[in-house]
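Any read-out appearing in this document is the output of simple, stated calculations on the displayed coordinates, not a laboratory observation. Just so we're clear, the structure is a prediction, and the values are computed from it rather than from any experiment. Here the Cβ is made from the backbone with ideal geometry for all residues, glycine too, and neighbour counts use every protein chain on show.
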Amino acid sequence: MLKEVIELQNNAVNSLISIIECKDEITFKAPTGSGKTYMMADFMNRILENNKDVIFLVSSLSKGSLAQQNYDKFISYSEMGKFSNLNPYLINSEIAGEEALYIPTDKNVYVLPRDLYKKGGRLMQGAMEQFLNTLTLNRYFGGMEKDIYLIKDECHVATNNLDNLSDSFFKKTINFSATPNMRRGQTPDVEITDEDAINAKLIKRVEFGDDEDTVEDAINKFELIKERYNNKLGINPCLIIQISNKNKSDEELNNKIFPVLSKAEHQDLKWMLIVDKDKDCDTNDYFKAKKLPVSKWKEYAKGNTIDIIIFKMVISEGWDIPRACMLYQIRETQSEQLDEQVMGRVRRNPRLLDFENLDDEAKELALTSWIWGNQPTDGKKVRNVRLYEEYSDITNNLKIKTTKLKPLSQKREFNIDTFIHDQKNEPAYNDIFSMYKKLVRADNEIQKMCYDYADDYQKWWIFNNYLDNIITENNNYIYNYEESMEIKKDNNGNECLTSFPEKSSYVDNGNYENISDWVWKRNDGADKFSFDSEAEREWADFLKEISNKENINKNSIIKKVITGRNNPNKNSISLFEEKEKIDPKEKFLWGKNFISNSDIKYEYYLNGIYSSYPDFIMKDDFDRIHIFEVKSVNPSSNINIDSESYKAKIEELKKCYKQSSILTNYYFYLPVLKGDIWYITQFKNGEEFMITKEQFVEQLKVDEK
């Protein structure tokens, strides 16, 4: 598993644990494919480890699929020892005749399909309230005095009957969803953003198709990558076509889809139609001969056989098919939440567990999805960008070193035997089960250190009895950047040099600036770029403004390259960009460090290892690299600058950039906008300076060598 994935998920759960102590209702937002069920299980496991009087009630969608899926995963996690505190039970109504519905009380995680607790359902006949009363009543009255935490999985779907019980039975409510319902002005308490998940390689970025593209265009483009997907990833990809629910569906199938699939050039494609009634499901695969319920059709479609899945709304949630990489929506919806849920079906990374072993082309395939459908509403559109052709003119002239933090095991002259021998305090002498629980919660590097060291049980036992000391020593070492920070290197020990990725994307947040002479071009040809904040937009405008200023040699102070002298990369997997005539153009070597696909990052430590992705990268005409992380303290920035967490992050960024400036010999900047004035902290060779915009420009004009 990628280190970035482990850190992202662990940090999210840490945040949930810290917030639940002080709030009775919290909302966690994470995109589909980011491991929401895994993080939910981790969260419950940690709570249960420290509080045996907590019971979790997990409300999941539908009578079948999602609830069963969650339950199966909880069982699997528990049996593997990953989250051993979980003791789950799936509430169901499969009882004979008029027998009363019975729910055992010796479990600590109850998965409740939402449809069971609706008006007229078996649970509404008193069984549920009797169960909740038994759990929560005082022991004097025959109860168990438990605290019930309600988890609403896919909380954007209404659970009115359960909500009516909140005041009486539920001490805490935790909402999980990729698309939670938030009132105006509200934000999730904990959030993994789309960019976070893309950057961690959890989910794919999206390339949107043209509105004019037909189903046939989508199928033709699917054929283009099918062979490459099989060869590079060892996976048969899947195109999902979403049709309308009612009367339009027959017309869409008979006039738009089946005529294309019946063409000779598509005869090798296996397709499946999955609808809400099993008798109406259809396929050109041998599976058609089987008389099975819809759930079995959906399960079969997950395999590696079916190329094209046509569906209505029966698989929008609770259905995972990581090999799906394309979505064509014929139907038009008015629900942004529904669109996001459906799009999530084609955004999972199909090679997440061994992603680092793939070559560059395979990685790009695994992290790209293609969607024809309703883009998010204005202000939230995903914009795809790419470097100007021939992009090697840019990447060859802008090579960037990055820094990473080494774990304690890589500390020079550190020896675990010597360290343990030198400890003055007595070991804890915990039982093996307690030690194992503590170890699996430790940093991944600590776990690796344990198993590298312990070649027998005795050593494992000794290591874990001193685990707290080892964790403290590891944290102290990493926190000392002079010791722990190094230039990122490849497996042969050579310094890694990276640049802007060939392709990237960003979420349109407004804050527009027209830029035509930097490294990026939008796929649709527009020059209007969006930035995350007004401060970022202003700094981009400032860099654009100084592009044409001259240094002492009368050259531009930002380095220029000539792009477009060669043909575009023939191996590009983009299926939507037009192969326009390429004319040589001068471009300045600066650009926004769009996070999607970017490797330009610098690690810092703040109760865990995080990566800082600077906002802008620039190379001046004297070949010096300048790196900018833009901040704002104005009210419109929506940042609580007085919060302790914000102050701590800024201080760690400063320490990180200070040491990085020594190791890379680059110039790092923290420009902060306060009112209309920029306060710029500059780090140069480990020294810190406060400069103005004017001083910054003057420095660019002079060769300091």
If I model a spin label at TYR451 and ASN220 as a point 7 Å from the Cα along the Cα→Cβ vector, what separation in nanometres do I get? 5.0 nm
Bridge type composition, segment 204-377 - antiparallel percent by DSSP, nearest 5: 10 percent
Loop-located trypsin sites (Lys or Arg not before Pro) in segment 472-557 whose Cβ has at most 11 other Cβ within 10 Å (DSSP): LYS554
A chain fully extended from ASN685 to PHE414 at 0.36 nm per residue, minus the present Cα-Cα distance, gains in nm 94.8 nm
Quick check: pseudo-label points 7 Å beyond the Cα along Cα→Cβ at ASN425 and ASP354, how many nm apart are they? 4.3 nm
In sequence order, calculated HN-Hα J values of segment 281-286 (Karplus, 6.51, -1.76, 1.60; Hz; x Gly/Pro): 6, 8, 6, 9, 9, 4
Post the alpha-carbon centroid distance, segment 234-278 to segment 484-556, in whole angstrom. 42 Å
Full extension between TYR479 and ASP250 adds, at 0.36 nm per residue less the Cα distance, a length in nm of 76.2 nm
Integer Hz, Karplus 6.51/-1.76/1.60 couplings in order for segment 587-603, x for Gly and Pro: 10, 7, 7, 8, x, 6, 8, 4, 5, 4, 6, 7, 10, 8, 8, 9, 7
The long-range amide H neighbours of ARG323, using H built 1.01 Å from N in the peptide plane and a cut-off of under 5 Å, are none
Partner lysines whose C-alpha sits under 19 Å from that of LYS263, ignoring same-chain residues fewer than 8 away, are LYS221, LYS226
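With respect to the cross-link table entries LYS248/LYS270; LYS36/LYS401; LYS204/LYS631; LYS503/LYS554, which display a Cα-Cα separation exceeding 31 Å? Show your work: numbers first, answer last.
On the way: LYS248/LYS270 23 Å; LYS36/LYS401 33 Å; LYS204/LYS631 28 Å; LYS503/LYS554 33 Å.
Where the Cα-Cα span goes over 31 Å, the pairs concerned are LYS36/LYS401; LYS503/LYS554.
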What FRET efficiency comes out for the pair VAL440/ILE552, r = Cβ-Cβ distance, R0 = 60 Å, nearest 0.05? 0.50
Nearby lysines by direct alpha-carbon distance to LYS246 (threshold 22 angstrom, same-chain neighbours under 8 apart not counted): LYS256, LYS277, LYS279, LYS298, LYS312
Contour minus end-to-end for ALA264 and LYS82, with contour as 0.36 nm per residue of separation and end-to-end as the Cα-Cα distance? 60.5 nm
Under a point spin-label approximation (7 Å from Cα along Cα-to-Cβ), what is the ASN10-SER516 distance to one decimal in nm? 4.9 nm
Taking 26 Å as the cut-off for C-alpha to C-alpha distance, list the pairs among LYS658/LYS701; LYS3/LYS82; LYS3/LYS489; LYS521/LYS544; LYS363/LYS649; LYS29/LYS655 that go past it. LYS363/LYS649; LYS29/LYS655
